[in-house]
Amino acid sequence: MTLWTDLAGVDFTVRHVDVGPWSTRVLETGAGEPLVLLHGTGGHLEAFTRNLRALGARYRVIAYDFPGHGWTTTTTHDLEIDDYLEHLGGLLDVLGLDRVHLSGESLGGWVAVKFAARHPERVHRLVLNTPGGTMATPEVMERIRSLSQAAADDPSEQRIRTRLEWLMADPSSVTDELVAIRRGVYGRPGFATSMRHILCLQAPEIRRRNLVTDAELDAVTAPTLVIWTSDDPSGPAKAGLDMAERIPDAEFRLIKDAGHWPQWEQRAEFDEIALEFLGRSA
């Protein structure tokens with residue numbers, strides 16, 4: 001299922017490709033240098049649907065569902081960051097992509113920055129959008145865990161909407177269409193179990209061993225844009241600013257009147273900032 005309203009008139013393809021054991025849902029649109037979009041915890045590629053028209057006018061945009069997420073194969077074991085890194089590298093290989101731009105939101109930013117540190121030769125430019133991986137705030141972790149698991153266990157309209165509204169500065173940003181998309185995903189057979197394994201990164205001990213280290217930030221050679229927001233429920237803007245100050249070639253931008261999904265709530269500003277940054281010469 002796709003958010004057809006935002007993709008009206010846009011040429012795109014959606015297919016599944018095998019990446020190791022994962023039948024991975026992949027959306028592609030546009031042409032040019034490849035730009036890979038990575039979504040957040042419990043999310044799916046529709047998190048970027050509002051951006052595909054603008055980004056696809058300049059780039060070959062590839063959005064995909066992480067292992068255990070969306071319409072990719074569900075998981076019956078815990079997924080830690082190395083699992084996502086292995087999958088991303090495998091996906092690039094399957095698609096024949098040697099070097100790409102990466103734009104990751106939340107968990108996607110966590111994965112993107114670690115991938116860039118580990119495989120600098122494969123990343124051209126890096127956009128980190130309210131990225132995870134540097135904080136371990138117990139109340140935030142518990143909120144993510146409880147809201148996400150409740151929605152997966154009972155994918156009713158109200159539970160799904162409550163989970164999505166937590167992401168937003170303005171709860172009215174959650175459309176009926178987005179709720180319907182997520183209800184379809186969360187209602188899949190086996191998804192409630194998959195969610196339990198996805199949420200292992202909200203367990204303190206597991207999270208600690210997966211956090212982004214200073215050494216990894218130092219190792220990122222790709223020019224990097226860190227985006228934070230005025231109303232991010234995951235943590236203060238200082239977290240993004242600290243990350244930008246640690247990465248050797250990075251800059252920081254704040255988007256106002258947005259929560260954890262600035263690409264959704266403030267799409268025009270997000271697209272403008274991202275396209276200007278990605279379009280700079282090396």
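The values are calculated or read from the model by the stated rules, or taken from the named source; none is laboratory data. Only a predicted model underlies this, so the values are computations on that prediction, with no experimental measurement involved. Glycine also receives a Cβ, built like all others from the backbone with ideal geometry; neighbour counts cover every protein chain displayed.
Give region 93-110 a look and list any residue that's part of a helix (DSSP H, G or I) and within 16 Å of the chain's Cα centre (by Cα), or say none.
Taking region 93-110 first, the residues part of a helix (DSSP H, G or I) are 93-94, 107-110.
107, 108, 109, 110 - these are the residues of region 93-110 that are part of a helix (DSSP H, G or I) and within 16 Å of the chain's Cα centre (by Cα).
Anything in region 169-183 that is in contact (Cβ under 8 Å) with a residue 24 or more places away in the chain and among the charged types (D, E, K, R)? List them, or say none. Hits for region 169-183 are 170, 177, 182, 183.
Of all residues in region 28-41, which are within 14 Å of the chain's Cα centre (by Cα) and not β-branched (Val, Ile, Thr)?
Start the filter on region 28-41 by keeping residues that are within 14 Å of the chain's Cα centre (by Cα), which leaves 35-41.
Answer for region 28-41, where residues must be within 14 Å of the chain's Cα centre (by Cα) and not β-branched (Val, Ile, Thr): 35, 37, 38, 39, 40.
Residue-level check: of (1) of a type outside the set (Gly, Ala, Ser); (2) surrounded by 21 or more Cβ atoms within 10 Å (Cβ to Cβ); (3) closer than 20 Å to residue 111 by Cβ, residue 214 misses just (2).
Residue 236 satisfies every condition listed in (1) farther than 30 Å from residue 118 by Cβ; (2) free of Cβ contacts under 8 Å to residues at least 12 places away in the same chain except (1).
Of the residues that make up region 258-280, is at least one farther than 16 Å from residue 132 by Cα, out of contact with any Gly (no Cβ under 8 Å at 6 or more places or on another chain) and modelled with pLDDT under 95? Reasoning before the result, please.
Taking region 258-280 and keeping what is farther than 16 Å from residue 132 by Cα, we get 258, 264-280.
Within this subset, residues satisfying the condition of being out of contact with any Gly (no Cβ under 8 Å at 6 or more places or on another chain) are 258, 264, 266-280.
From what is left, the residues that are modelled with pLDDT under 95 are 280.
Taking every residue of region 258-280 in turn, at least one turns out to be farther than 16 Å from residue 132 by Cα, out of contact with any Gly (no Cβ under 8 Å at 6 or more places or on another chain) and modelled with pLDDT under 95.
Within region 111-127, how many residues turn out to be in a helix (DSSP H, G or I) and crowded, with 24+ Cβ neighbours inside 10 Å? Qualifying residue count, region 111-127: 6.
Inside region 255-282, residues that are surrounded by fewer than 16 Cβ atoms within 10 Å (Cβ to Cβ) and closer than 27 Å to residue 137 by Cβ make up a count of 2. Being in a loop (DSSP other than H, G, I, E, B) and closer than 29 Å to residue 224 by Cα is the filter; apply it to region 128-164 and report the residue that is modelled with the lowest pLDDT. Among them, the one singled out is 136.
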